[in-house]
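Student: Mind looking over this structure? Questions follow.
The values are calculated or read from the model by the stated rules, or taken from the named source; none is laboratory data. The shown structure was predicted, so the numbers you read here are calculated from the model rather than taken from an experiment. Glycine also receives a Cβ, built like all others from the backbone with ideal geometry; neighbour counts cover every protein chain displayed. In case anyone asks, the SASA skips ligands and DNA or RNA and just uses the protein heavy atoms, side chains included. Shrake-Rupley method; radii C 1.70, N 1.55, O 1.52, S 1.80 Å.
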Amino acid sequence: MLLLRRFAIALVLSVASLVPVWATPLLLVDRDTLQVLYAEDAGQPWHPASLTKLMTAYVAFEEIAKGTVTLDTPVTLSKYALSQAPSRSGLKVDTSVSLEDALYILIVKSANDMAVAIAETIGGNEANFVAKMNDVAQRMGLTATHFVNPNGLHDPRQVMSARDLAVLSLYIEQSFPQYMQMFRTSVVRINGQKLESQNEILTTFAGAIGMKTGYVCASGLNLVADVDRNGRRLMAVVLGGSSGRDRNERAAELLLKGLSGSASGTGQNILALPNAVGAAPVDMRPNICGKSAAEYVKAQEAAFPMGLKGQPSFLTDTIAAVEHVATDLGRVRTGIVLPRPRPAHISAFPVVQDVAANTTTEPGLRPGLDLASNPGIPYPRPRPVFR
């Protein structure tokens, strides 16, 4: 074993002279206490890729709660929406699905055309919807986050950190638990198609309940994974994986360390974990899609061989896939009026204020939140301890 480890280290060092090797962000959070059990570069700005769709979904959930749209609102695929790069829904131009089915397709298939269609339906156009996304990010205190589009197709200005992704995921679960079934679904069936999730943890790791995968060349392979097992509720965030195997096995390793107690905590609350505000996002393109990609992947495999052929794996469970059947509404008759005009955007939770002005002493809240001006608003908080 020692000789194998020395060989792996030597291989990584030799490849490092050819391509840059990045320490990819890793984060493990206890969803009950909000305690950080493990963190590595968790505040580093990163290209989120399709993890962007977590915010797209959150904005949709918030607008449903406000009554500007409903789960039955038709979402129509415009020519512009269908012009987005894959992955796509497979639906035709001007056909529609309900917003509920659109959200399932968005989350499960990670369909880029559906993200734009949802944005156009809720915001009137993509730019208005993206403004809502950035407004939510500001209200959540996601200081390493900026959105340019609703689907995560690469734009150098679109960034998040592992810390921000964890906080956003906590908001989804705590504010809109009724929609968590969407994130644990692995298959959507529509028009004879079987749209499948890339989140293999859902069917290979007992207790997995979501959340989302993402990939573009500049980001590597990203994952947010929630697990409920043996009374523990954990979340792992892995960014910049060199392959689906690498991403999934690293997330499973983090989760197992949390479940076993070997990752016992850093003493930090996720809300207080700092971001590297202003730092440049890492560009993984040379390592993932460039000329050096093959060498980089080999180095990563040598350093972390779990799940490779002939190697042990952390993903050994067999879980039945959760499926959802969606309905193609065809061409919805023109003239149907959606709720208009949309009411002004109203914050659903407090705005981040100057830390010096904070007087809140409620346990678990992030310093700098002015709750006095907006009492009773839910915020990610530790679950109470029952004795």
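Student: If you filter segment 107-164 for trypsin sites (Lys or Arg not before Pro), then keep DSSP loop positions with at most 12 other Cβ within 10 Å, what is left?
Tutor: Here the sparse-neighbourhood loop sites are Arg157.
Student: Turning to a different aspect of this structure: Over the Cα atoms of segment 239-334, what radius of gyration and what Dmax do you get, in Å?
Tutor: Considering segment 239-334 through its Cα atoms, Rg and Dmax are 19.8, 59 Å.
Student: Just need the Rg to Rh number for segment 118-195, please, alpha carbons only, Kirkwood Rh.
Tutor: Ratio of gyration radius to Kirkwood radius: 1.01.
Student: Residue by residue through segment 96-105, which ³J(HN,Hα) values in whole Hz follow from phi under the Karplus form 6.51 cos²θ - 1.76 cosθ + 1.60 (θ = phi - 60°), with glycine and proline marked x?
Tutor: For segment 96-105, the Karplus-derived couplings read 10, 9, 5, 4, 4, 5, 4, 5, 4, 5 Hz, x marking Gly and Pro.
Student: Given segment 44-140 reduced to its alpha-carbon atoms as identical point scatterers, what log10 I(q)/I(0) does the Debye formula return at q = 0.10, 0.11, 0.24 Å⁻¹?
Tutor: These q points yield log10 I(q)/I(0) values of -0.23, -0.28, -1.35.
Student: Okay, moving on. What aspartates and glutamates could a cross-link reach from Lys132, if we take a straight Cα to Cα line under 20 Å and drop same-chain neighbours fewer than 8 places away?
Tutor: Lys132 reaches Glu62, Glu63, Glu100, Asp113, Glu120, Asp155, Asp164, Glu173.
Student: Right, next: Below 8 Å, C-alpha to C-alpha, sequence gap of six or more: please give me the relative contact order for segment 45-190 in percent.
Tutor: Reported relative contact order: 31 percent.
Student: May I ask you to give the percent of accessible area on segment 29-105 that is carbon plus sulfur, with a probe radius of 1.4 Å?
Tutor: Looking at segment 29-105 in its full context, I get 51 percent from C and S.
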